[in-house]
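Q: The structure follows.
The values are calculated or read from the model by the stated rules, or taken from the named source; none is laboratory data. Since we're looking at a predicted model, the values are computed, not measured. Positions of Cβ are backbone-derived with ideal geometry, glycine not excepted, and every protein chain shown enters the neighbour counts. What goes into the accessible areas is simple: the full protein's heavy atoms, side chains included, and nothing from ligands, DNA or RNA. Shrake-Rupley method; radii C 1.70, N 1.55, O 1.52, S 1.80 Å.
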Amino acid sequence: MLEEKVRHLEVSSASMAEDLCRKSAIIQSFVRESRTEAAGPAGPARRGAGAGPGPGEEGLREMNKKLQNLLEEQLTKNLHLAQDLESLSQELAQLRKEQATPQGPP
């Protein structure tokens, strides 16, 4: 039963890691595209030295913040799964050790 739980956690952890990599790639491409769009054809020189953020930049910051929170949440879930996996592995090793040692009198 514990072996089944360990396998399930391993599969779940691997799936979450793949999902995290896909989401990271999406975030990176989104950030690259948004930087390209924000720079525009004239580049960063089109803004004056004292100019504040443009109207689209605030939306990009908000989206970046949401994506960062999502990433942190996924990393936290991954960490908890890794801890659960380690705990179950230790418990499984302990049970195997108990089964390997004879419990009867010598």
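Q: State the number of residues belonging to region 26-45 that are open to solvent by 50 Å² or more (accessible area, probe 1.4 Å), small (Gly, Ala, Ser) and modelled with pLDDT of 80 or more.
A: Counting residues in region 26-45 that are open to solvent by 50 Å² or more (accessible area, probe 1.4 Å), small (Gly, Ala, Ser) and modelled with pLDDT of 80 or more gives 0.
Q: Look at region 57-72 and say how many of its residues are under 15 Å from Ala17 (Cα atoms) and either open to solvent by less than 90 Å² (accessible area, probe 1.4 Å) or touching a residue at least 60 places away in the same chain (Cβ under 8 Å) (or both).
A: The total comes to 2.
Q: Restricting attention to region 73-104, report how many residues are more than 13 Å from Leu20 (Cβ to Cβ), surrounded by 11 or more Cβ atoms within 10 Å (Cβ to Cβ) and of a type in the set (Gly, Ala, Ser).
A: Number satisfying all stated conditions: 3.
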